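The values are calculated or read from the model by the stated rules, or taken from the named source; none is laboratory data. Just so it is clear, the structure is predicted and the values come from calculations on it, not from any experiment. All Cβ positions, even for glycine, are placed from backbone atoms using ideal geometry, and neighbour counts span all protein chains on display.
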Amino acid sequence: MTQKHQLDPRDIIARSEGPSYQELLDREPVPAPDSLRDDTVPYLGSGNLSFDRYLSRDFHEREVQKLWPKTWLMVCRESQLPNAGDYFSYEITRYNILVVRSPSGALRGFHNSCRHRGRTLKRGSGNATELRCPYHSFAWDLDGAFKGAPCMWDFKHIDSADFGLPEVKVDTWGGWVFINMDLDATPLLEHMGIVPEHFARWEIEQRYVSLHVEKVIACNWKAGSEAFIESYHAIQTHPQILVYSGIDNSQYDVWGDNVSRTITTMGVVNPSHTSVYSEQDCIDTILGSSALIGNTDEKQEIEQGRSARERIAEISYDDFNKQWGRDIRGEATHSEVMDSILYLVFPNFMPWGGYLPTLTYRHRPNGDDHESCIMDIYILTHFPEGSPRPADAPTVRLAIDEPFSKATEMGEALGRIFDQDGANLPQVQRGMKASKTGEAVLANYQEIRIRHFHQTIDKYLDA
Ligand code: FES
Ligand SMILES: [Fe+2]
């Protein structure tokens, strides 16, 4: 990225009129945690971003060689592998990693390729007592040690002790399973920086998957990711949410190389729309439409001197107390029961924070195709400690031509929002190809996470 304009770093955090996120926190009855009070971004430059990064096969090849096998990748929920012998095959471009629950209870990860003549050992997910290749029956135990093959007299040149399945690193955080193919990689928790500390109060491991949608989108995986790391596009793309969302005053943060965050407030009228919508419009719209925020069928009149945000928080506490099995009113801020607090852990793990049922997104290339990606949308819902873990929702798979709203499980409002994003993305991919200048121009503040994301990609590709 070339840098063309020098700016004073103090000019970077520039927002619209109206209360900032930090000012809304000041009005809260419950003190906000330090994690939400952090409001600093470095100046990362103002240079343009080449569209080659999304379009060229060469760039994709560099990612295949230098990014995907060198970083921490979210695979699935740990609840998908509860028992010894459970396995899950995770594919990323040409790589295929088999994550297995071993008899000791540990999770192991292996390259999912037979050491005889290369057949994939397992497809999808399931349970097995050993890893036996369906082609000629070479077999490994669940810890990857070689067990044998038919006619071993013909393989005198194999040293069985040295014929285990090649391993990858496996670790877990918040009930998520991650792998890293680089055996020298820094530990997962180090890679995640401030995230484990910020999320401790939101108990991500104490949640079940109440929704999982997986959809193919006709754009590069980075273009897909970028539609979810800025809220700036909502002004044009999601106009229906401006009545209840403070888009213009979203807060953006970056930490180190791997972590960034957007906080977009809910339960407030967008600062540049306060002459169009009232607080009553705000509460009337949001309560009828969000699948995440606490809900009620009754119309809520806002009392004199009170805000829609306060009333929505009260309703949300009542709703979420059941999910938490305790009264969270004294500990959870209004922000944490309604706002969109969306983190990115490089390269593609995007968990929401908060006490509400939280979304998590992930974008990865669709197989080895750099012009399409698979987007995952999870909703994680808390359940009370000590009560049985509810079963995870089955995965709903949507093809490239099927809208998100076909997954009716996500509700009308969310389906509509994702369809609006889904309508942009293939046209972003096409428009990049049609570009005369060949590059994107990024906002200094509201798109700083995109710049940060690409700077980290470059660190991997240039390593
Ligand atoms: S390829 Fe696996 S046993 Fe032959
Ligand atoms: Fe969007």
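On the basis of being within 12 Å of ligand 1 (Cβ to nearest atom), of a type outside the set (A, V, I, L, M, F, W, C) and at pLDDT 95 or above, does residue 157 make the cut? Walk me through it before giving the result.
Values: within 12 Å of ligand 1 (Cβ to nearest atom): no; of a type outside the set (A, V, I, L, M, F, W, C): yes; at pLDDT 95 or above: yes.
No; evaluated as a whole, the condition is false for this residue.
Residue 337 meets the conditions (1) in contact with a helix residue (DSSP H, G or I) (Cβ under 6 Å, 6 or more places away or on another chain); (2) surrounded by fewer than 23 Cβ atoms within 10 Å (Cβ to Cβ); (3) assigned to a helix (DSSP H, G or I) in every case but one. The failed one is (2). With respect to the conditions (1) over 32 Å from the mean Cα position of the chain (by Cα); (2) surrounded by fewer than 13 Cβ atoms within 10 Å (Cβ to Cβ); (3) in a strand (DSSP E or B), residue 150 falls short on a single one, namely (3).
Pairs linking a residue in the range 179-204 that is among the acidic types (Asp, Glu) to a residue that is surrounded by 15 or more Cβ atoms within 10 Å (Cβ to Cβ), with Cβ atoms under 6 Å and 6 or more positions apart or on different chains, are 182/70.
Return yes or no: is residue 190 modelled with pLDDT of 95 or more, in the same structural domain as residue 401 (by TED's automatic domain parsing), more than 16 Å from ligand 2 (Cβ to nearest atom) and outside any loop (DSSP other than H, G, I, E, B)? So that I can check it myself, show each step before the final result.
Values: modelled with pLDDT of 95 or more: yes; in the same structural domain as residue 401 (by TED's automatic domain parsing): no; more than 16 Å from ligand 2 (Cβ to nearest atom): yes; outside any loop (DSSP other than H, G, I, E, B): yes.
So residue 190 fails the test.
Does residue 244 satisfy the condition of being within 16 Å of ligand 2 (Cβ to nearest atom), more than 28 Å from residue 453 (Cα to Cα) and either among the charged types (D, E, K, R) or touching a residue at least 24 places away in the same chain (Cβ under 8 Å) (or both)? Criteria met by residue 244.
Quick check, is residue 369 surrounded by fewer than 22 Cβ atoms within 10 Å (Cβ to Cβ) and charged (D, E, K, R)?
Working: surrounded by fewer than 22 Cβ atoms within 10 Å (Cβ to Cβ): yes; charged (D, E, K, R): yes.
For residue 369, the condition - surrounded by fewer than 22 Cβ atoms within 10 Å (Cβ to Cβ) and charged (D, E, K, R) - is met.
I'm trying to understand the selection: among the residues of the range 412-446, which are assigned to a loop (DSSP other than H, G, I, E, B), buried (at least 16 other Cβ atoms within 10 Å of the Cβ) and touching a helix residue (DSSP H, G or I) at 6+ places or on another chain (Cβ under 8 Å)? Lay out the reasoning, then the answer.
Quick first cut of the range 412-446, residues assigned to a loop (DSSP other than H, G, I, E, B) only: 435-438, 441-446.
Going one step further and asking which of them are buried (at least 16 other Cβ atoms within 10 Å of the Cβ), we end up with 442, 444-446.
Answer for the range 412-446, where residues must be assigned to a loop (DSSP other than H, G, I, E, B), buried (at least 16 other Cβ atoms within 10 Å of the Cβ) and touching a helix residue (DSSP H, G or I) at 6+ places or on another chain (Cβ under 8 Å): 442, 444.
Looking for something among the acidic types (Asp, Glu), surrounded by fewer than 22 Cβ atoms within 10 Å (Cβ to Cβ) and in contact with a Gly (Cβ under 9 Å, 6 or more places away or on another chain) - is there at least one such residue anywhere in the range 301-311? Checked the range 301-311: at least one residue is among the acidic types (Asp, Glu), surrounded by fewer than 22 Cβ atoms within 10 Å (Cβ to Cβ) and in contact with a Gly (Cβ under 9 Å, 6 or more places away or on another chain).
Checking the conditions here, which among 110, 138 is in contact (Cβ under 8 Å) with a residue 12 or more places away in the chain, within 10 Å of ligand 1 (Cβ to nearest atom), among the aromatic types (Phe, Trp, Tyr) and buried (at least 20 other Cβ atoms within 10 Å of the Cβ)? Lay out the reasoning, then the answer.
On the way: 110 fails: within 10 Å of ligand 1 (Cβ to nearest atom).
So the residue among 110, 138 that is in contact (Cβ under 8 Å) with a residue 12 or more places away in the chain, within 10 Å of ligand 1 (Cβ to nearest atom), among the aromatic types (Phe, Trp, Tyr) and buried (at least 20 other Cβ atoms within 10 Å of the Cβ) is 138.
Only a single item in (1) buried (at least 18 other Cβ atoms within 10 Å of the Cβ); (2) out of contact with any Cys (no Cβ under 9 Å at 6 or more places or on another chain) is not met by residue 364, and it is number (2).
Considering 185, 234, which residue is surrounded by 16 or more Cβ atoms within 10 Å (Cβ to Cβ), farther than 22 Å from residue 335 by Cα and of a type outside the set (D, E, K, R)?
Numbers: 234 fails: farther than 22 Å from residue 335 by Cα.
Every option except 185 fails the conditions.
In this structure, is residue 248 under 22 Å from residue 232 (Cβ atoms) and at pLDDT below 95? Considered against the rule, which asks whether it is under 22 Å from residue 232 (Cβ atoms) and at pLDDT below 95, residue 248 comes out as yes.
If only one of 226, 197, 190 is within 30 Å of residue 455 (Cβ to Cβ) and surrounded by 19 or more Cβ atoms within 10 Å (Cβ to Cβ), which one is it? Outline the logic, then answer.
Working: 197 fails: surrounded by 19 or more Cβ atoms within 10 Å (Cβ to Cβ); 190 fails: surrounded by 19 or more Cβ atoms within 10 Å (Cβ to Cβ).
Criteria check complete, one pass: 226.
Taking the conditions exactly as written (over 23 Å from residue 31 (Cβ atoms) and either in contact with a Leu (Cβ under 7 Å, 6 or more places away or on another chain) or crowded, with 24+ Cβ neighbours inside 10 Å (or both)), does residue 296 satisfy them or not? Even if it seems obvious, please write down each step before you answer.
Details: over 23 Å from residue 31 (Cβ atoms): yes; either in contact with a Leu (Cβ under 7 Å, 6 or more places away or on another chain) or crowded, with 24+ Cβ neighbours inside 10 Å (or both): yes.
Yes, satisfied.
Restricting attention to the range 109-129, the residues that are more than 21 Å from residue 81 (Cβ to Cβ) and not hydrophobic (A, V, I, L, M, F, W, C) total 5.
Residue-wise test of (1) under 27 Å from the mean Cα position of the chain (by Cα); (2) more than 16 Å from ligand 2 (Cβ to nearest atom); (3) among the small types (Gly, Ala, Ser).
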position: 87; (1), (2), (3): yes, yes, no
position: 98; (1), (2), (3): yes, yes, no
position: 109; (1), (2), (3): yes, yes, yes
position: 112; (1), (2), (3): yes, yes, no
position: 120; (1), (2), (3): no, yes, no
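Restricted to strands (runs of 3 or more DSSP E) entirely inside the range 345-396, those with at least 1 residues that are touching a helix residue (DSSP H, G or I) at 6+ places or on another chain (Cβ under 6 Å) and farther than 19 Å from residue 179 by Cα are 350-353, 369-382.
Considering only residues in the range 385-411 that are more than 22 Å from residue 237 (Cβ to Cβ) and surrounded by 14 or more Cβ atoms within 10 Å (Cβ to Cβ), the one that is modelled with the lowest pLDDT turns out to be 409. Taking the conditions (1) farther than 23 Å from residue 359 by Cβ; (2) assigned to a helix (DSSP H, G or I); (3) not small (Gly, Ala, Ser) in turn, residue 299 satisfies each one other than (2). The set of residues in the range 90-107 being away from ligand 1 (no atom under 16 Å from the Cβ), aliphatic (A, V, I, L, M) and part of a strand (DSSP E or B) consists of 92, 97, 99, 100, 107.
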